[in-house]
Amino acid sequence: MSQNIKIKGKNPYDVLAFTLTQKCSAQCEICCFESSPTCTMSLDINRVREYINSASKLDYIKTIAFTGGEPFLIYNDLRELIKLASLSGKRVTTITNGYWASNNDLVIIKIKELKERGLNHLSISYDSYHSEYIDVNK
Ligand code: SF4
């Protein structure tokens, strides 16, 4: 990643987003990544670490985002990467369909863990397409 890029005015490209895995617990009809439980593609976590370290030197990158597929399927890696991204001085976000949130205690544990590691924003994806795969009543 070059450090010589000069961007005038407001930078529209201030988010560095990683699609950590294409694999997902769901298989929504509208999925733009064609994710599903059988997908096997994922990023090399060592390469992701390298990119985050490079991004730490780039002031115009304000946010690091971790997406999928379903990034909570690789929760231990996600947790570590959130900490690394936060230590790099960036705002850190992730997204989930919430498949893992099967009880309140688990939700509190995971949210606390991620917040302690520097997560700033968690998005939950849910609509009629997701509802085929995610039971919000359990
Ligand atoms: S939950 Fe999101 S990533 Fe997974 S299949 Fe649905 S739209 Fe795609």
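The values are calculated or read from the model by the stated rules, or taken from the named source; none is laboratory data. What you see is a predicted model, and the numbers here were worked out from it, not measured in a lab. With ideal geometry, Cβ positions are generated from the backbone for all residues, glycine too; neighbour counts draw on all protein chains shown. Remember, those area values only see protein heavy atoms, side chains included, never the ligands or the DNA or RNA. Shrake-Rupley method; radii C 1.70, N 1.55, O 1.52, S 1.80 Å.
Odds and ends about this structure:
- Number of positions in the stretch 11-31 that are loosely packed, with under 13 Cβ neighbours inside 10 Å and within 10 Å of the ligand (Cβ to nearest atom): 2
- Residue count, the stretch 15-55 (criterion: part of a loop (DSSP other than H, G, I, E, B) and within 13 Å of the chain's Cα centre (by Cα)): 3
- Considering 13, 51, the condition of being on the phi < 0 side of the Ramachandran plot and modelled with pLDDT under 95 is satisfied by 13 alone.
- Of the criteria (1) open to solvent by less than 20 Å² (accessible area, probe 1.4 Å); (2) in contact with a Pro (Cβ under 9 Å, 6 or more places away or on another chain); (3) under 26 Å from residue 10 (Cβ atoms), which one residue 95 fails: (1)
- Across the stretch 89-115, the number of residues qualifying as acidic (Asp, Glu) and over 21 Å from residue 18 (Cβ atoms) comes to 1.
- Selection from the stretch 33-44 of residues that are within 7 Å of the ligand (Cβ to nearest atom) and open to solvent by 70 Å² or more (accessible area, probe 1.4 Å): 33
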